[in-house]
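In what follows, a structure is listed as structure tokens, so that the remarks can point back to it.
Computed from the coordinates by the stated procedures, all read-outs in this text should not be read as laboratory data. This one's a predicted model, so the numbers in the text were calculated from it and none came from an experiment. Cβ: placed from backbone, ideal geometry, glycine included. Neighbour counts: every protein chain shown.
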Amino acid sequence: MKTNTIKMAAILLASTALVAGCGKKKVEALPPVAEGTEYAQPEPAPPAPVNQIVPGSQEDFLQQVGQFGDRILFETDRFNVDAEDQATLQRQAQWLALHPNARITVEGHADERGTRDYNLALGERRANSAKNYLTSIGVDASRIETVSYGKERPSALGSDEQAWAQNRRAVTVTVQ
């Protein structure tokens with residue numbers, strides 16, 4: 001039995017060496033391309049656009065409404081749209097008027113305090129407040145979706161008033 005095992009191992013070793021030695025030869029040069037073929041010279045790819053912003057995109061939206069023009073902030077446990085928020089939402093409405101095919105999603109957020117269910121409901125009220133204001137100044141409601149993330153997607157990490165203030169927000173995102 002031991003001799004069968006040794007014979008089998010020897011055969012395996014010899015076959016492995018035989019297979020390993022049978023590699024493909026590397027082609028040094030390709031034959032010349034036949035004349036009159038279309039694939040002889042590939043067409044060069046068009047140059048990639050450099051920092052070109054597509055009209056109607058999220059980048060275009062942020063450029064037009066300002067660095068933080070995509071969001072409005074709220075006081076603790078509040079969802080009312082104040083005068084500063086109205087100015088931001090009016091800039092958003094102006095951009096939407098320039099891009100009639102653009103659609104948006106308003107995301108409602110809350111800070112880390114409170115239960116998950118409470119913050120989801122508060123985020124929903126905040127998103128709906130922004131949507132209601134936008135529709136009141138002429139944006140078609142069918143172009144606006146809302147979603148609440150509650151406290152699940154903080155903008156600022158931390159457990160202090162500064163972080164909480166940045167997380168109590170409604171953010172407008174364009175939909176492609």
Each label sits 7 Å from Cα toward the beta-carbon; between Asn51 and Asn4 the label points are separated, in nm, by 7.7 nm
What the Cα atoms of segment 55-176 span along the principal axes, largest first and in whole Å, is 39, 28, 24
Amide H neighbours of Val139 at under 5 Å, excluding residues fewer than 5 places away on the same chain, with H built from the backbone geometry, are none
To the nearest 20 debye, segment 53-131 has a Cα-centred charge dipole, built from +1 on Lys and Arg Cβ and -1 on Asp and Glu Cβ, of 220 debye
Simple SL model, points at 7 angstrom along Cα→Cβ for Arg116 and Asp77; separation in nm is 2.3 nm
Length gained if Ile11 through Asn101 is fully extended, taking 0.36 nm per residue and subtracting the Cα-Cα distance, is 25.2 nm
